[in-house]
Amino acid sequence: MDGNFNENDISRVVEADRAHIWHHLSQHKQYMNDDTAQQVDPRIIVEGKGMRVWDQKGKEHLDGVSGGVWTVNVGYGRERIANAVRDQLIKLNYFAGSAGSIPGSNFAEKLISKMPGMSRVYYANSGSEANEKGFKMVRQIAHKKYGGKKHKVLYRDRDYHGTTITSLSAGGQDERGAQYGPFTPGFIRVPHCMEYRAFEQDGAPQENYGVWAADQIEKVILAEGPDTVGGLCLEPVTAGGGVITPPDGYWDRVQEICKKYDILLHIDEVVCGVGRTGTWFGYQNYGIKPDMVTMAKGVASGYAAISCLVTTEEVFDMFKDDASDPLNYFRDISTFGGCTAGPTAGLENMAIIEEEGLLDNTVQMGDYMLDQLRALSDKHAIIGDVRGKGLFLGAELVADRDTRAPAAEALVSAVVGDCMNQGVIIGMTNRSVPGKNNTLCFSPALIAQKDDIDQIITAVDGALGRVFA
């Protein structure tokens, strides 16, 4: 730490936080306890450098989840990104997206160069918002081409697409949506493709499970009526629902089904996008040819707020086929989609990934970490399954390997807390799937080296030993 804060400064900041900040995903009672002896101070992250952050007490933590939610892909303290953003803000900070900007054009060109088959970029400022843009496009196309009938959007159990009411309507995590209904109509759930828990699905085979799991999507389409289904929104690797990698055969069959029934395939890359799995985008691991791709978190590694909806030219053309019709364009706006900081940071972020070979590093370090997690599973019977892609990994904890009964959520949380006490930040599935928030989540920055991963593994090893002793 650089010492810019003294004890009195930090005390004031902590009290201001306690009095005024409404933290995300947090129960605040602990901060407001009338018994000051039992009161807990909110954690303030003061500084970050590389893969490490420091809190208000000066304690160093190795960040194994890239900012808590899979975001800071190139690590903390990147002066070149900050300097580029500063210079751009002085020149032009903002103009509404009805006009263009130099960084907007340059970043779009760079982004599209990494996405063969895609051609158009729509800027917004969050993953939830980007996904809603995709849903709106499906709805508008339904009215333009199908009399409004082909308006339904399918989404998958355990997937997550955002926190607005409509994106929650497309979310397969029931605890995320609890108490927020009624939801937007026309969003239909399809079964998950989690091979480790295939035994929980009636009729699931031991062989060719991936094709079978995709076929369950077709069953839903037929039940709803193919002439009513306009879009299918899926994560390439399910994130908060348990870090679920797709089984063999799944994506090939999904694409066949979408083509057969004229359904737009919307891939949500909010977590996987921009290097997290060792390719620019997660879908590129599986030969997917999407109609729409959404992205947010890693696009600028958290140095600026930006999200994108990227489409094919075919989708774009459907919004300009009749210029005489005053309703025949995508009548949408995202105020902060006009900010220039996001694309400026995105350009520098991508340049760093290229120049430092971070895609290759992600593959190599991801393979290394996966091996280390598997070694932990040999030591700790509480680990039922290890899975992931690149530096996007999960370890599912179970009370019994034979029955695969999930470990108690409180114990999984205790493992995360133990690691935090050791100065290592990891994650877990959190308020997502009722009774199955039992997966430890790991997403270190793409700059991770073996000693960083070893520190994470050592912390998890010790925590498992203590919590489940």
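The values are calculated or read from the model by the stated rules, or taken from the named source; none is laboratory data. All figures in this text were calculated on a predicted structure; none of them were measured in a lab. Note that we place each Cβ from the backbone using ideal geometry, even for glycine, and neighbour counts take in every protein chain shown. Quick note on the areas: whole protein, heavy atoms, side chains included, nothing else; ligands and nucleic acids left out. Shrake-Rupley method; radii C 1.70, N 1.55, O 1.52, S 1.80 Å.
Tabulated values for the structure
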read-out: Efficiency of FRET between PHE95 and ARG401 - r from beta-carbon atoms, R0 45 angstrom, step 0.05; value: 0.20
read-out: Cα-Cα separations in the chain greater than 32 Å, expressed as whole percent; value: 41
read-out: Cβ charges +1 (Lys, Arg) and -1 (Asp, Glu), total dipole of the stretch 9-150, debye; value: 1220
read-out: Dipole of the chain, positive end: most advanced residue of PHE95, TYR31, CYS272 [Cβ charges, Cα centre]; value: PHE95
read-out: Solvent exposure of the chain as accessible area per residue, Å², 1.4 Å probe; value: 45
read-out: Carbon + sulfur, % of accessible area of the chain - ligands and nucleic acids excluded, 1.4 Å; value: 50
